[in-house]
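This report refers to the structure that appears directly beneath it.
The values are calculated or read from the model by the stated rules, or taken from the named source; none is laboratory data. Predicted, not measured: the structure shown is a model, and the values here were computed from it. Cβ sites come from the backbone with ideal geometry, for glycine too, and all protein chains shown count toward neighbours.
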Amino acid sequence: MLLPSSTIESAPAGATTLKVSGLGKEYRLFQSPQQRLWSLLGGRRNYRSHWALRGVSLELKRGQCLGLIGDNGAGKSSLLKLLAGTMQPSEGQIARSGRVTAILELGAGFHPDFTGRQNLYFGGSLIGITAAQMQGLEAGIIAFAELHEAIDRPVKTYSSGMVVRLAFALVTAMEPELLIIDEALAVGDQHFQKKCVERIEAFRNNGCTILFCSHSLYHVQRLCDQALWLHQGSPRALGPTMEVVAAYEAHVRAQQRGAADAEPEPALAATGATAAPVGPAPEHAHLESVDLAGLLPASGGDCPRLGTPDLRITLRARTAAGERPHLAVMLEQAGGGIGITTAGTHVDGFAVQQSADGTWCASITFTGLPLHTGQYSVSAYLFDASGLVVYDEWKDCARFQQVFALSTPGLVRLPHHWS
Amino acid sequence: MQTLLDEARTLCRLRALCWTLTRRETAARYAGTALGAAWAYAQPLLTVAAYYLVFDVVFAMRLGEGAPTRAVGTYLIAGMLPWMAFADALARAMASLVDAGPILQKNALPPMLFPARAVLASAVVFAPLLALLLLAYAPLHGFAPALLAYPLLVLLQVLLCALWGAALAILAAALRDTMQVVAFALSLGVFLSPVLFPAHLFPAGWAWALWLNPMTAWVGAYQTILLQGAWPAPAAWVGMAVWLALGALLLNLLLRRSRDQLTDWL
């Protein structure tokens, strides 16, 4: 299990791993490639400037984990590339200490005609692992990538999963001081994803500083103690994860509301009963069913009405033999995407039970569902035992209508009293 | 010149990586062939052998008065092999940055590593061939002391290719047309040099145009050493110095102006 970083005190306090001041990246937009040549030779400013990133300053100490969030095009990838050193800044300074490993795009630089082993030595040299060091690391990398004798076959005979496994095993073969991850938790199959997450956790528990960029706010909240929200190339908020993520979520909701007002509501697809999405292969961990109890049949094109005061949702899932998963649900206002609540067995410390047929099953009951009249949507999630790897997610998989006779403006009834 | 010196220092620090990249480039180029890297040597060797057979053995052609040697094949080879080395190194270096785009965008490496590796990979092929050339021509004039200048010429030629190759690689990154223009110039350049005809055969009014080709100075110097066993003329050394200095100045300027954007152009 991942430790919250405040509990990691083995690191020497105050050792700065990364210090960035006034960082900016300018893209010069030329009308034609010829203009670029003239600018290069003549030194003229015949271009328009586009600042993908400007004014970023931050300092990361040993053992800290910073999550990077923001909309598409906010400059997240630019910042990661600048910090990884694959792109040069137009202004500002970056001071890094120690080994920096970036998991940006895996598999770059592998030559298809050479064997996995040959590529390992070459790829290693690109990220600063000498041949002598590689001799010591080789066996571990091959074992981690689970390539066995395939390591001596040309890389062009590998499946894409094998290439990514080899690449991940290679870049993480040596423990870095600063680890930069771009959405890399989605590497390979479920089994390998889990290994990747465990390796990253191990680095973190050893005091490695991590910079993590993801669209999954769930993972950012789970992994990071600090977050940076980039908006249109500028930092909008930097601070404790919960506060920054909350501010960003409010911004996303406002955006969605704007979009929903502009476009007509899409036709309702799902109804109260579970319409199972095309299921993944049975040997993978997956959700099997999401059932809502007490629904009355739909009248006309509406979604079914909740006929009981309580909302009871039963989740069923299958996992690889022996792994006890975690299950979670999310309630949202249908259409608007306004989140109402989430609940997970890993958060609440509930042990999911296995039934005789091998499925894992858990039911959640919202007693006296305190929602006002409206349509609501249910999403279901299946997690691994640590609550980090999302094995399966069914978004908006069921909808129901709540009718509450005494509805007043608003979404929920909160416990209250007058005095 | 500070930018260029910094870059050179970085490359010097990364020389082990540069050498790994060089070996890999040679291996990758001939991956899947039975003879492997031997092909790299076979092509120039067979070309040179063909010149010798055709011009000196089969047709026994002779140059006129005033040429440094009478045998056409012997004359051709002394200039042609260095020219082939130059054209090969320059063409490879010019394409190196654009080719290395995917690697550079995913690894934190100095871009100049790739032109350097291209020139080195070419030198690994041609330096031994140029050494063979020296051994073949040395007996013509009884191992004259001027042969000592030969290794220096080869080294300066590698430097020339590195400076101009890197500069052209940056220009090619900025504007891909550079590659077409330079490829055309390389195919015609051999006529604007003393490789095919002795310099005195050029019309007097046009002799200056020969110096527009950087290799004129080198080819002249090689021919003087190999064919006559004499020290290269001062004009040749001046020509070399001018082209090296121009290359260094241009590369320094391009490096300074493209520093933060070079990878974005690939």
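Any residue at all in region B:98-105 that is within 14 Å of chain A (Cβ to nearest Cβ), among the charged types (D, E, K, R) and in contact (Cβ under 8 Å) with a residue 12 or more places away in the chain? Don't jump to the end; show me each part of the working.
Filtering region B:98-105 for residues within 14 Å of chain A (Cβ to nearest Cβ) gives B:98-105.
So of that shortlist, the ones also among the charged types (D, E, K, R) come out as B:99.
Okay, now just the ones that are also in contact (Cβ under 8 Å) with a residue 12 or more places away in the chain, so B:99.
Within region B:98-105 (the criterion being within 14 Å of chain A (Cβ to nearest Cβ), among the charged types (D, E, K, R) and in contact (Cβ under 8 Å) with a residue 12 or more places away in the chain), the answer is yes, since at least one residue qualifies.
Taking residue B:23, is it in a helix (DSSP H, G or I), among the basic types (Lys, Arg) and away from chain A (no Cβ under 14 Å)? So residue B:23 does not fit the description; no.
Are any residues in region A:116-139 among the hydroxyl-bearing types (Ser, Thr, Tyr) and surrounded by fewer than 16 Cβ atoms within 10 Å (Cβ to Cβ), and if so, which ones? Even if it seems obvious, please write down each step before you answer.
Initial filter on region A:116-139 (among the hydroxyl-bearing types (Ser, Thr, Tyr)): A:121, A:125, A:130.
A:130, the sole residue that qualifies.
Remark: residue A:55 falls outside the filter, which requires a residue to be within 14 Å of another protein chain (Cβ to nearest Cβ) and at pLDDT 85 or above.
So, in region A:82-100, how many residues would count as being of a type outside the set (Asp, Glu) and more than 8 Å from chain B (Cβ to nearest Cβ)?
So in region A:82-100, the residues of a type outside the set (Asp, Glu) come out as A:82-90, A:92-100.
Right, trim to more than 8 Å from chain B (Cβ to nearest Cβ) and you get A:82-83, A:92-99.
Number of matching residues: 10.
Please indicate, with yes or no, whether at least one residue in region A:343-357 is assigned to a strand (DSSP E or B) and among the aromatic types (Phe, Trp, Tyr). The answer is no, given that none of the residues of region A:343-357 is assigned to a strand (DSSP E or B) and among the aromatic types (Phe, Trp, Tyr).
Scoring residue A:121 on the criteria (1) at the interface with chain B (Cβ under 9 Å from one of its Cβ atoms); (2) within 26 Å of the chain's Cα centre (by Cα); (3) among the hydroxyl-bearing types (Ser, Thr, Tyr) leaves a single failure, condition (2).
Of everything in region A:23-63, what is hydroxyl-bearing (Ser, Thr, Tyr), touching a strand residue (DSSP E or B) at 6+ places or on another chain (Cβ under 8 Å) and not in a strand (DSSP E or B)? Give them in sequence order.
Our first condition is that a residue be hydroxyl-bearing (Ser, Thr, Tyr); within region A:23-63, this holds for A:27, A:32, A:39, A:47, A:49, A:57.
Still in the running and touching a strand residue (DSSP E or B) at 6+ places or on another chain (Cβ under 8 Å): A:27, A:39, A:47, A:49, A:57.
Selection gives A:39, A:47.
Answer yes or no as to whether residue A:103 is within 11 Å of chain B (Cβ to nearest Cβ), crowded, with 20+ Cβ neighbours inside 10 Å and touching a Leu at 6+ places or on another chain (Cβ under 9 Å). Against the criterion (within 11 Å of chain B (Cβ to nearest Cβ), crowded, with 20+ Cβ neighbours inside 10 Å and touching a Leu at 6+ places or on another chain (Cβ under 9 Å)), residue A:103 qualifies. Taking into account only those residues within region B:209-234 that are within 14 Å of the chain's Cα centre (by Cα) and among the hydroxyl-bearing types (Ser, Thr, Tyr), which is surrounded by the most Cβ atoms within 10 Å (Cβ to Cβ)? So, considering only residues that are within 14 Å of the chain's Cα centre (by Cα) and among the hydroxyl-bearing types (Ser, Thr, Tyr), the one surrounded by the most Cβ atoms within 10 Å (Cβ to Cβ) is B:222. Quick check, is residue B:251 under 23 Å from residue B:77 (Cα atoms), out of contact with any His (no Cβ under 6 Å at 6 or more places or on another chain) and aliphatic (A, V, I, L, M)? Here the answer is no, as residue B:251 does not meet what is asked.
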